[in-house]
Structure formats: structure tokens, C-alpha cells
């Protein structure tokens, strides 16, 4: 960290004004995440690597007070202290522009007591243009089905939300379709009126609508053509996503999985055993595209997105629906070899092009059980 770090001149507790200065400084340093943990210095992440932001040690009182101020909710610290994590969004106004952050607050152990740790991720005001993401041509063509379900998967911090936001921006600026998003919280701003070709509305759960469960009915009442339904991380959200995809609209969502082939079964297994056959039939009928993305350090600086993807046609979906559930992953793995792109194949090409360290390719090969 440089001497310009505002924490180097910080006296006393870190208050909201000091946090704003720290976040704005971080944005200028191309830093993506800030973690505030009692008993430690603040941590910034730049290009996937964390480093301490100075030597100031935070206290539990500071993080609790910051959470209340950031959320404008006097009960926020008590909610987290009761054992519930809290997602929120935070904005800083600077010279007429808003700098936006996605936040999460979670209780943590500190010796014999508990405190609150806060993670903040920077969100660009506008998503990038799709052309800036170096998407493969066939993937870009498959990214915009007239109906059905598109899933973008990956671990935390792999750029899933950025990819989907860029895709929706392209739809908003080129097609006269009605786009409705349901997010917790809203991340990218898709509503720039200068370029829109159709209506775009972004709904935050639970601020504007109590739960994801209500999203399909709400989208149908609003006559939406394209729906983004946050992250498929629990049964309620996934059931709503499947229901939305069955409305004849294009539905988009993210999921936390580590490969295309494993994704459908991982999602189906979120349901109780007696629910799985029906949910599997509906999910597999709706699937149009699965994309898995990871970000790796790029030779020369920055990061590079490496993607695995598979588009599914009607014959693929019918074949999947006839299979016993344990055979889904094997079928998709074979289809990925025959008509998709594997993560390893793309990583090998990136290494051959001088963009990716060959050691990363070797690590991926070991993960996939493949000998190079």
C-alpha cells in the first residue's frame, strides 16, 4: 500500500467518513474488495490477492457502528449478532457520481465473545460492454435464447454477476424487450435511459419485494420478457427460477458450482428427495446454456477469464429428461467434450497464447483428473 492510504493519517476509531475515504482511495488503486474484521487491519483485494491496508487494528465496536451507519438500520448489528448474516448495498456520492458496493455482514468469534465482520465488493456503476469481456463467438450467440434458462456458475469472485450484467446490458441496448431483475442486493445499474430500447426495472429483495418466491408472479404481471433472478443458492430461489423459466421468458441466474457437468444435479439435490424428479424434469426442460467461469492472474498484469460452456438443444434436453439422475453428470461431461468447451481446453489455449501461467493449467488438469 502507498503512503496515500488515508488510514496512515487516521486517528481514533474508523468512522463512516473515514471508511468512505478508504473506499475511494481503494477504487483508485484498482482494488475490488475490502474486508473489515475486528482484531485485524482492513484487508484489500487487488487482482485476486489480499494485502493489509495499513497497520490500524479494528475493533468490534467500530465494525458494529459502521454497519449501522452503512445500512441506516439501528437494528442491523443486533440482527447479525443474533446469528443471521446481512446482505446490503452501499453508495458513496463523489462529484455527482455514485460509487456502489455490495456488502455482507456476518457474526464471528473473537475469543470468548462475538463481533461483526464486514465484506464490501466494488460494483461498477455500469456493467462493461459485452465486447470488452472477450467472449467466445459461439458462446455469445448462445447467450441470448428467446426463452428458457441460462445459468452462469463459478466460485465467489469469479465474475459471474459481471458477465450476466453485461449480457443484460446488451439486450437492453439492442432489443425492445422488457427486462426485470430480482437481486439481493441490486448490483449493476442497467437503467441508463440514454441507450435503452425497452423497459428495464431492477427490484431489490427484500427491500422492494419480500422474497424471491414472489418474483415469477410479479414478472408475469409486469409482462417481462427477460428475468434475472439473483443467485440459485437455496430451494426457494431455485424453485422460483424454474417457475420463471417456464413462463416462456428468458431467465438468467448464477450458481456456486465448479463445473458445467455437475451443475444440474447439484441444483436438483437442493430439493428434498421426493421433490427431485419433478424439479429435475422442469429444470432440464428449461435449460438452454450453462457457463462456468473462473478468473486467473494474467501474465503481464490483471486477470483473465477462463470459461467452460455447453449449449443444450431440444434433443439434448429430451435425452437428459430420460436419464436417471445419477447419470446426468456423465452425459453432460460427454456432451461438453463433443460440442462445448471445457475449462481445461480454454486454459491450455490461454497458456499457449502467453496469457496464463502453465502451472495453472497443470493444477486444473490435476483437479479434473486429466494427464497432459
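Just so it is clear, none of the values below were taken in a lab; they were calculated from the coordinates. Predicted, not measured: the structure shown is a model, and the values here were computed from it. In this analysis, Cβ positions are derived from the backbone assuming ideal geometry, glycine residues included, and neighbour counts consider all displayed protein chains.
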Note on region 130-341: alpha-carbon gyration tensor, axes a ≥ b ≥ c; rule is a/c under 1.5 for rounded, else prolate if a/b larger than b/c, else oblate; result oblate
With each label point set 7 Å from Cα along the Cα-Cβ vector, what nm distance links residue 368 and residue 196?
4.1 nm
Once R0 is set to 25 Å, what does the formula 1/(1 + (r/R0)^6) return for the Cβ-Cβ distance between residue 29 and residue 357, expressed as a FRET efficiency to the nearest 0.05?
0.60
To check you understand DSSP bridge types, tell me what percent of the beta bridges within the chain (both residues inside) are antiparallel, rounded to 5.
65 percent
Under the rule rounded for a/c under 1.5, else prolate if a/b exceeds b/c, else oblate, using alpha carbon gyration tensor axes a ≥ b ≥ c, region 122-200 is classed as rounded
Listed highest first by mean packing, meaning other Cβ atoms within 10 Å per residue, what order do 300-307, 50-57, 257-264 come in?
257-264, 300-307, 50-57
Label point 7 Å out from residue 15 along Cα-to-Cβ: which residues of region 58-75 have amide N under 19 Å?
58-74
Mind checking the angle between helix 276-286 and the chain's longest principal axis? C-alpha axes, 0 to 90 degrees, to the nearest 10.
80 degrees
With each pseudo-label sitting 7 Å past Cα toward Cβ, what's the residue 213-residue 140 distance in nm, one decimal?
4.2 nm
Grab the beta carbon distance between residue 51 and residue 108, set R0 = 25 Å, and tell me the FRET efficiency rounded to 0.05.
0.75
Structure-based [θ]222 nm, the chain - -39500 (n - 2.57) summed over DSSP H runs of at least 4, per residue, nearest 500
-10000 deg cm²/dmol
With a Förster radius of 22 Å, plug the Cβ-Cβ distance of residue 84 and residue 269 into 1/(1 + (r/R0)^6) and report the FRET value to the nearest 0.05.
0.35
Pull out a ≥ b ≥ c, the square roots of the eigenvalues of the alpha-carbon gyration tensor of region 33-96, then state rounded if a/c is under 1.5, prolate if not and a/b is larger than b/c, and oblate in the remaining case.
oblate
Run the simple label-point estimate for residue 349 and residue 281 please: 7 Å along Cα→C-beta, distance reported in nm.
3.8 nm
